[in-house]
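Single-structure report; data block below.
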């Protein structure tokens, strides 16, 4: 009966639990409306809605802040443009380049905020600056926008536009006003129109929100006409939701649950973003209801399964409990067995239906178990505490031992290791745990000492002998390495006072003893016959030996604490050699080489030095050891041998051998570099007669004086050699690469030699005159052997003797004639300047007006030489000669004065009076000290207007002292004189010069204009010069324009000033004036 009742009770309770669990699961999911409690489903929807509302509010704030930031930026640039560039905006002819630079600087300081921007001049709406340079100069074709922006009381507005790229954009429009005066807020000068593409403006913020919302959520942005501006992520179905909600209008805010076109419910949160006036955007944050429920369904399934499992488990437990109620005695019996096996924590519960005997038995069991467990716990605690105490004492003692930097070792009476510290384990080469119990004598004493050492230890343990307190001995570690150890040892004794072991401390002195030995050897070597000094890492001398003192004269007291370079420096060793020494020793351990030092007495002497860098274990340099050998005698011997081999003993000039070596090098140099050289073969006239009459000793004196005079006639890098007898050779290098120019340079040297050697000599009281015959040849223009130039010079020398001696002849008759013609031309050029044989020709400079018509605005003055015998001499022939001889300076002064006189004559004429005249100024003339004063004097003397004079400089004039060039140009420009940079692009073309110098005009060189249709590079350069000139606010003129096609090409690039044969050739002033007045130049 008892067992059946237990079973029925278990079944009844199980059924009741099943019903209760089912009701709890339903209430948890659907809620309890009666008591006002919502379920998990409702709470989930409320949480999602709250999250979407927070995201929408945050995104609205970010968007409004971004819009306000851009409004402030547009307002600031409008104020800057109005304040700084008001005059340019108020004038139709004002330059737009400064406004463009301000716009570019503003956009660069706010990267990414605006994709396009314009600055307009009102009222016409002409674009004066834009991020698209092609728009500049055109008018904005949106009259409605211009009218709205100029309405009274409207200073700024934000409008929806389409960007130049065709994308939806917001336009920030701000009026540009002049500086306010008094109550007046300023005059409206123009507009700033800045575009921000909506996708770029908002995508980053929307993307961040969408990423946090998950894959199913979506952020949408619509304008006032419900046009979609941005969607992240983009899904076509989601774009239809707003259009299908009739409740949504501009300015609506709230949340809606609505089905989309597919019948799926969406939770959408709406927020309005005002833009100003009546404009507003609508922001939508939406989330599909299916995603809200998606993660709830698994939780419902898990809840039901868990509830069913709990009911099943409870039923099983109840059934088992009912069975146990009938077997309590067996349970108590089994409990005693387990308690006997050591399960002292085992306790038996008292059941409500147990009999009195069972209850008493269970109570006795539990009481017994409590007593046993308590007693056992007390014992375990005592054991644990004592064990921890002993371990702590052991660890503390071992820690003390391990801190020691020396080996600590304990042996028992049998010689086994009973204790060792960390340092000892490191020296012996075994882990500390493995060392314990190892036989000390068997494993660590050298074999030849092992038996004796063990016997001594055993005798000490027996009390028959004592152990030395301090001694040295060798041990062998685990790797087989022998170490020398210094020991301090004491005998351990037991309670009866008998020896029971030994305790020792040992220090490894192996490295110290080796270092001491090395130091003894080094000390002996240091005081050898070779000079030594030791320096620290900073090159401070620490020690010198006696040989150093004997070599330099400096004692140890003089040297220690000094720097070697300061103490011994002679000034003859190159400074970069010391840098090379330091760099080498930073990488390597040894440097050796030759230096020049100074003794204490001031004598400079050569030294062969070997420097060794000493490094520590971290490879850091700690010392430098310097070995020094005096090589004075060796150097003297080498110099003597060299002089005997390469120099003439009588004149100390290079001999034939050294000359041929240098000629070979010169020929190789000419092959690599386009420069020429020359040989002058010099032979003394009638030298044999002097030898025969006055003797060879007098002849030798003449040869020595001739050698000195020849050396005075040449440059330091040239060579004067004596071949033998009275024959000398001069080798000149690094001459011009043009044969005629090189020949002219050689002739100048040859004439100097003729004059110098032709002066009287005094030879031991005898006055003597001697003349040379000189033969000249050039080399470097062909590949040839070293003998060929010498042979040609020898032949030319004999031609000189055949021509009457005391003269110079070139090997090439044609070159001789060219040199003679050049000399004659130089003489004629000097006469021409004195006799004013020059005349100015004028070539027109033409401007194309916007209507397509042409007008002459000026002319370039070009000098011509009217030779009385040769006729008209080409400038290409005499201008280079004038540059080379320096005659370009007086010639240039004459050109400026003549041009100024012509300007003065034209002044007041209705058509000629406004013509400018451009004058080319050479670099040599411009860099003259009195150039500015000369120009001023010419203007003052002639009465010409400075503004009509334009000086054209080549890029070579700008090389050198740029500050001095800028000073001269600024001073002349202050008078009104203009400047043009001629042949731009053919020289240095430094943009730094263009920015610093007060230029007015850039000239495109004719070499680029000529080939604009044949060479893409020339066309690109011409285009670049025009763009560069416009960006710098400079006028651009193209020279060498010869065809209409060239003119049209240049016009398309924005160049409208021309000079060239298409419009007129250079002409005398009379013809030029007639053609200007008859407009003949404008018929091209």
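The values are calculated or read from the model by the stated rules, or taken from the named source; none is laboratory data. Source: prediction; values computed, not measured. Every residue, glycine as well, gets a Cβ built from its backbone with ideal geometry; the counts of neighbours run over all protein chains shown.
Brief remarks on what is shown
- Residues that are within 22 Å of residue 1001 (Cβ to Cβ) and in contact (Cβ under 8 Å) with a residue 40 or more places away in the chain, drawn from segment 878-905: 895, 896, 898, 899, 900, 902, 903
- Residue in segment 100-117 that is outside any loop (DSSP other than H, G, I, E, B), farther than 20 Å from residue 168 by Cβ and touching a helix residue (DSSP H, G or I) at 6+ places or on another chain (Cβ under 7 Å) present: yes
- Any hit, segment 377-394, residues being surrounded by 11 or more Cβ atoms within 10 Å (Cβ to Cβ), in contact with a strand residue (DSSP E or B) (Cβ under 6 Å, 6 or more places away or on another chain) and either closer than 30 Å to residue 337 by Cα or modelled with pLDDT of 85 or more (or both): no
- Tally of residues being out of contact with any helix residue (DSSP H, G or I) (no Cβ under 7 Å at 6 or more places or on another chain) and crowded, with 21+ Cβ neighbours inside 10 Å across segment 119-135: 2
- Of all residues assigned to segment 666-684, none qualifies as being more than 29 Å from residue 786 (Cβ to Cβ), surrounded by 14 or more Cβ atoms within 10 Å (Cβ to Cβ) and touching a residue at least 12 places away in the same chain (Cβ under 8 Å).
- The single condition among (1) surrounded by fewer than 12 Cβ atoms within 10 Å (Cβ to Cβ); (2) part of a helix (DSSP H, G or I) that residue 622 does not satisfy is (2).
- From the list 1062, 1028, the one residue that fits, being in the same structural domain as residue 898 (by TED's automatic domain parsing) and farther than 18 Å from residue 845 by Cβ, is 1028.
Yes/no matrix, rows are residues, columns are (1) modelled with pLDDT of 90 or more; (2) exposed (fewer than 14 other Cβ atoms within 10 Å of the Cβ); (3) not assigned by TED's automatic domain parsing to the domain that holds residue 658:
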{"site": "761", "(1), (2), (3)": "yes, no, no"}
{"site": "764", "(1), (2), (3)": "no, yes, no"}
{"site": "767", "(1), (2), (3)": "no, yes, no"}
{"site": "784", "(1), (2), (3)": "no, yes, no"}
{"site": "794", "(1), (2), (3)": "no, no, no"}
{"site": "803", "(1), (2), (3)": "no, yes, no"}
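- Criterion applied to 974, 1007 was being at pLDDT 90 or above, assigned to a helix (DSSP H, G or I), over 32 Å from the mean Cα position of the chain (by Cα) and assigned by TED's automatic domain parsing to the domain that holds residue 919, and the one residue passing it is 974.
- One residue from 501, 506, 497 being at pLDDT 80 or above, loosely packed, with under 12 Cβ neighbours inside 10 Å and over 49 Å from the mean Cα position of the chain (by Cα): 497
One line per residue, one yes/no per condition, for (1) crowded, with 17+ Cβ neighbours inside 10 Å; (2) in contact with a helix residue (DSSP H, G or I) (Cβ under 6 Å, 6 or more places away or on another chain); (3) at pLDDT 75 or above:
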residue: 205; (1), (2), (3): yes, yes, no
residue: 237; (1), (2), (3): no, no, no
residue: 253; (1), (2), (3): no, no, yes
residue: 265; (1), (2), (3): no, yes, yes
residue: 277; (1), (2), (3): no, no, no
residue: 281; (1), (2), (3): yes, no, yes
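- Within segment 136-154, the set of residues being surrounded by 14 or more Cβ atoms within 10 Å (Cβ to Cβ) and either free of Cβ contacts under 8 Å to residues at least 12 places away in the same chain or in a loop (DSSP other than H, G, I, E, B) (or both) comprises 136, 140, 142, 150.
- Residue among 1038, 1022 that is in contact with a helix residue (DSSP H, G or I) (Cβ under 7 Å, 6 or more places away or on another chain), assigned by TED's automatic domain parsing to the domain that holds residue 899 and assigned to a strand (DSSP E or B): 1038
- Candidates 855, 870, 924, filtered to the one that is touching a strand residue (DSSP E or B) at 6+ places or on another chain (Cβ under 6 Å) and at pLDDT below 95: 855
- Subset of segment 431-487 (residues that are outside any helix (DSSP H, G or I), more than 60 Å from the chain's Cα centre (by Cα) and under 25 Å from residue 512 (Cβ atoms)): 445, 446, 467, 468, 469, 470, 471, 472, 473, 474, 487
- Test: residue 560 is touching a helix residue (DSSP H, G or I) at 6+ places or on another chain (Cβ under 6 Å) and at pLDDT 90 or above: no
- All conditions but one from (1) loosely packed, with under 15 Cβ neighbours inside 10 Å; (2) under 22 Å from residue 616 (Cβ atoms); (3) without any contact (Cβ under 8 Å) to a residue 40 or more places away in the chain; (4) in contact with a strand residue (DSSP E or B) (Cβ under 8 Å, 6 or more places away or on another chain) apply to residue 540; the one that does not is (4).
- If only residues of segment 978-999 that are outside any loop (DSSP other than H, G, I, E, B) and within 28 Å of residue 1043 (Cβ to Cβ) are counted, the one that is modelled with the highest pLDDT is 980.
- Which listed residue, of 192, 159, is in the same structural domain as residue 87 (by TED's automatic domain parsing) and modelled with pLDDT under 85: 159
- When 839, 776 are checked against the criterion of being modelled with pLDDT of 90 or more, in contact with a strand residue (DSSP E or B) (Cβ under 7 Å, 6 or more places away or on another chain) and closer than 23 Å to residue 889 by Cα, 839 stands alone in meeting it.
- Conditions (1) in contact with a helix residue (DSSP H, G or I) (Cβ under 6 Å, 6 or more places away or on another chain); (2) modelled with pLDDT under 90; (3) within 27 Å of residue 862 (Cβ to Cβ): number failed by residue 1002: (2)
- When segment 599-611 is filtered for residues that are touching a helix residue (DSSP H, G or I) at 6+ places or on another chain (Cβ under 9 Å), surrounded by fewer than 16 Cβ atoms within 10 Å (Cβ to Cβ) and closer than 18 Å to residue 542 by Cα, nothing remains.
- Selection from segment 69-103 of residues that are closer than 14 Å to residue 192 by Cβ, without any contact (Cβ under 8 Å) to a residue 12 or more places away in the chain and in contact with a strand residue (DSSP E or B) (Cβ under 9 Å, 6 or more places away or on another chain): 79
- Considering residues of segment 946-967 that are closer than 17 Å to residue 919 by Cα and surrounded by fewer than 18 Cβ atoms within 10 Å (Cβ to Cβ) only, the residue modelled with the highest pLDDT: 947
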